[in-house]
Amino acid sequence: MQVGQSASISRSYSRADLEGFAGLSGSGVPETIPEPLIAALFSYLLGVELPGPGTNYLKQQLSFLAPAAAEPELTAKVEITRLRPDKHLVDLWATCTDANGVLICEGRSLVKAKDVAA
């Protein structure tokens, strides 16, 4: 791992996805993509892509800046901003944009990971 390294994923959520979320959460069908579904994209990236398997979330802070409509593709990205090998800690900046480049959310993640190198 190195500072500046990044990973991203793109995904769209359908009306059926929103209906499924409503069924699981016990709420009505949302008009826009619920924040937990957007945050889940970051969870996927951190646990599967970067840093990857064995990663443990310690802290996450996200600011949601704009609503995300169903259907258009969203792109979530995490980028390493700091490595602390002595404590196995990785700081990352997270962003999610829609298909038009509108920033939907941004924030910081702090994770504990294996094999952190300076």
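Overview of results
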| read-out | value |
| --- | --- |
| When residues of region 64-82 are limited to those that are closer than 23 Å to residue 116 by Cα and either touching a helix residue (DSSP H, G or I) at 6+ places or on another chain (Cβ under 9 Å) or free of Cβ contacts under 8 Å to residues at least 40 places away in the same chain (or both), the one most open to solvent (accessible area, probe 1.4 Å) | 77 |
| Within region 89-105, tally of residues that are within 10 Å of the chain's Cα centre (by Cα) and open to solvent by less than 30 Å² (accessible area, probe 1.4 Å) | 3 |
| Pair list, Cβ < 9 Å and 6+ apart or interchain, from region 20-45 residues that are free of Cβ contacts under 8 Å to residues at least 24 places away in the same chain to residues that are of a type in the set (Asp, Glu) and open to solvent by 60 Å² or more (accessible area, probe 1.4 Å) | 29/19 |
| Conditions (1) over 20 Å from residue 77 (Cα atoms); (2) surrounded by 12 or more Cβ atoms within 10 Å (Cβ to Cβ): number failed by residue 57 | (1) |
| Single condition residue 115 does not satisfy, out of (1) open to solvent by 20 Å² or more (accessible area, probe 1.4 Å); (2) within 15 Å of residue 5 (Cα to Cα); (3) assigned to a strand (DSSP E or B); (4) of a type in the set (Asp, Glu) | (3) |
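The values are calculated or read from the model by the stated rules, or taken from the named source; none is laboratory data. Predicted model only: the values in this text are computed from it and were never measured. Virtual Cβ from ideal backbone geometry, glycine too; neighbours counted across all protein chains shown. To get the accessible areas, we keep the full protein, side chains included, count just its heavy atoms, and leave off ligands, DNA and RNA. Shrake-Rupley method; radii C 1.70, N 1.55, O 1.52, S 1.80 Å.
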